[in-house]
Amino acid sequence: MVYEYVIAPFADFGFMRRALVASLALSVGGSAIGVFLILRRMSLMGDALAHSLLPGAAMGFLIGGLSLPAMSLGGFVAGVATALLSGVIARFSSMREDASFAAAYLTAMALGVLIISLRGSAVDLMNILFGAILAVDDGALILVVSTATLTLVGLAAIYRPLVVECFNPGFLAAMGVRGSLYHYLFLSLAVLNMVAGFQALGTLMALGLILLPAVASSFWAREVWSMSLVAAPMAFASAAVGLLVSFHGGLPSGPVIVLFASFFFLLSLLFGTRASVRARLSRPVHLRG
Amino acid sequence: MTAALRLVDLTVSYDRHPAVHHVSAEIPAGEMTAIVGPNGAGKSTLLKALLGLAPRVEGRIECTARRIAYLPQQAEIDRSFPISVLDTVLLGRWSRFGGFGAARHADLHDAHHAIEAVGLAGFERRPIDTLSVGQFQRVLFARLLLQDADLVLLDEPFAAIDSKTVADLMAVIRRWREEKRTVVAVLHDFDQVRRDFPHALLLARELVDVGPTARVLSSENLLRARAMAEAWDEHAGACEVPMRLSA
């Protein structure tokens, strides 16, 4: 019974195994990125960034058809360009960075949908917007796993400057360190993860597996590394359960996976050990002194 | 008296409005100098310029200090960030291990020592979001201690801090003076400046006076400073700087 429902889909079907490995890699790399995104108060900006991959992916689609390398490269270039451009706009005008991000991603979305409609069908558009994790092939798998590796090594390398840039940028500046360098290195890693995620989850949902577990983890842990350690298993669990449910129910995998991540977020919000609803409503207990 | 800092015709402006306007002054080495003046007088901007963090600087800053430590206003720090007291204090050794090197045993030892010196022994593993404003200021002072700087810049170190904490932190500052370090602090409490700081610099965008505190903080000077700070001319023409010195 358990075997039939839980193990057999992965044992019998290669595409399910590849999807499972891809989601494991996405969970490990992405959740660490997510933790930094929320600590930098950039969750919504991350969302905007994910949407801005669309015109790049669409250009890749226009040139190479539904080819993963072309669409991934296009998406990466578009994402990094959006991040740099909003940074430059914010620096040289009095506009706040979140506003310039919003302007950039609305433009990007409109452009992207228009480019796809030039050549593709509605099915292509659906695939790019919402992904198809069950169509992950070996090339996509290699992309996702390399991204996870690069993300973990990269974050470990820039961990200290990035943490200080998050909580006390003035100190970094006084030490003569260019904080913006680490900001953009981090944003490139974030874009890379969104590119890896968009094959599986689509440009609209790519951030779900990155951000939701990270937000959920903030109800359990209170240091950067421990938050990442809590977030990664939650991301993987939502991906694994989501895959099975979408397999048995014949449902689109991306939204199901993201909904399970939301379910973990809700659980954490209600029952987490810190700042959760349970902590708020439980009878106040205070220490002796 | 040797100067730790010499400002030569210094102008710092934001969006062309000068926040510090043609200031020339000397700050004595190994002494405690208070920077006073009304809100918006350019005090914090002056500190930022000394650190090389101000956007548009005209004139010249001559600094003999080998290493500068800086205490920012607390509003510039995200106090909800999940980081421990010990990690925050250890950052004071940045100049030694930078962004990538490891903290040595000696650094850890010094950090524990500094935390003890500011009266926070036992707080090492506490996340900073559980600290009060006063306790967090003690953490930042411990970080300054670890920086081992010969010039210490303090931006409103005692804003919203209770008297016990002020007394403890003043003891730290006096020890710096005994160790011949130069201390420059932006302060608002004139009584405290008169009591603890032998030198003062009164700023109201332009220099009002600099020298011994008793003379600088005369009621005549203070009145003049207030009048100067309130003047703000949106349509002032461009100020022709007689000679443009590179910063």
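Points worth noting:
- Filtered residues of segment B:140-172 (kept if β-branched (Val, Ile, Thr) and surrounded by 22 or more Cβ atoms within 10 Å (Cβ to Cβ)): B:Val152
- The residues of segment B:133-164 that are of a type in the set (A, V, I, L, M) and within 18 Å of B:Leu86 (Cβ to Cβ), listed by number, are B:Val139, B:Leu140, B:Ala142, B:Leu144, B:Leu145, B:Leu146.
- When restricted to residues that are closer than 16 Å to A:Glu223 by Cβ and within 7 Å of chain A (Cβ to nearest Cβ), segment B:87-100 contains 1.
- Count of segment A:231-274 residues which are within 14 Å of chain B (Cβ to nearest Cβ) and under 25 Å from A:Met16 (Cα atoms): 1
- Sole residue being aliphatic (A, V, I, L, M), within 14 Å of another protein chain (Cβ to nearest Cβ) and under 15 Å from the mean Cα position of the chain (by Cα), chosen from B:Ala41, B:Ala75, B:Ala103: B:Ala75
- The single condition among (1) open to solvent by 60 Å² or more (accessible area, probe 1.4 Å); (2) part of a helix (DSSP H, G or I) that A:Leu269 does not satisfy is (1).
- Among residues of segment B:106-152 being touching a Gly at 6+ places or on another chain (Cβ under 7 Å) and among the basic types (Lys, Arg), the one that is nearest to the other protein chains (Cβ to nearest Cβ) is B:Arg143.
- Residue within segment A:183-199 that is over 30 Å from A:Gly139 (Cβ atoms) and surrounded by fewer than 23 Cβ atoms within 10 Å (Cβ to Cβ) present: yes
- Checking A:Ile142, A:Ile210 one by one, the residue that is of a type in the set (Val, Ile, Thr), within 17 Å of the chain's Cα centre (by Cα), more than 30 Å from B:Leu53 (Cα to Cα) and part of a helix (DSSP H, G or I) is A:Ile210 and no other.
- Members of segment A:154-168 found to be in contact with a helix residue (DSSP H, G or I) (Cβ under 8 Å, 6 or more places away or on another chain), open to solvent by 10 Å² or more (accessible area, probe 1.4 Å) and at the interface with chain B (Cβ under 8 Å from one of its Cβ atoms), listed by number: A:Ile158, A:Val163, A:Cys166
- The listed residues are B:Arg56, B:Arg79, B:Arg96, B:Arg66, and the only one of them that is in contact with a Ser or Thr (Cβ under 7 Å, 6 or more places away or on another chain) and either at pLDDT 85 or above or open to solvent by 60 Å² or more (accessible area, probe 1.4 Å) (or both) turns out to be B:Arg56.
- Test result for A:Leu192, under 30 Å from B:Ala102 (Cβ atoms), out of contact with any Gly (no Cβ under 7 Å at 6 or more places or on another chain) and either in a helix (DSSP H, G or I) or more than 13 Å from chain B (Cβ to nearest Cβ) (or both): yes
- When residues of segment B:114-128 are limited to those that are open to solvent by 60 Å² or more (accessible area, probe 1.4 Å) and touching a residue at least 12 places away in the same chain (Cβ under 8 Å), the one nearest to B:Ser163 (Cα to Cα): B:Arg126
- Subset of segment A:14-57 that is without any contact (Cβ under 8 Å) to a residue 12 or more places away in the chain and within 20 Å of A:Ala239 (Cβ to Cβ) - its residue that is surrounded by the fewest Cβ atoms within 10 Å (Cβ to Cβ): A:Gly14
The values are calculated or read from the model by the stated rules, or taken from the named source; none is laboratory data. For clarity, every value in this text was computed on a predicted model and none was experimentally measured. Neighbour counts are summed over all protein chains in view; Cβ atoms, including those assigned to glycine, are modelled from backbone coordinates with ideal geometry. Only protein heavy atoms, including side chains, enter the accessible area calculation; ligands, DNA and RNA are left aside. Shrake-Rupley method; radii C 1.70, N 1.55, O 1.52, S 1.80 Å.
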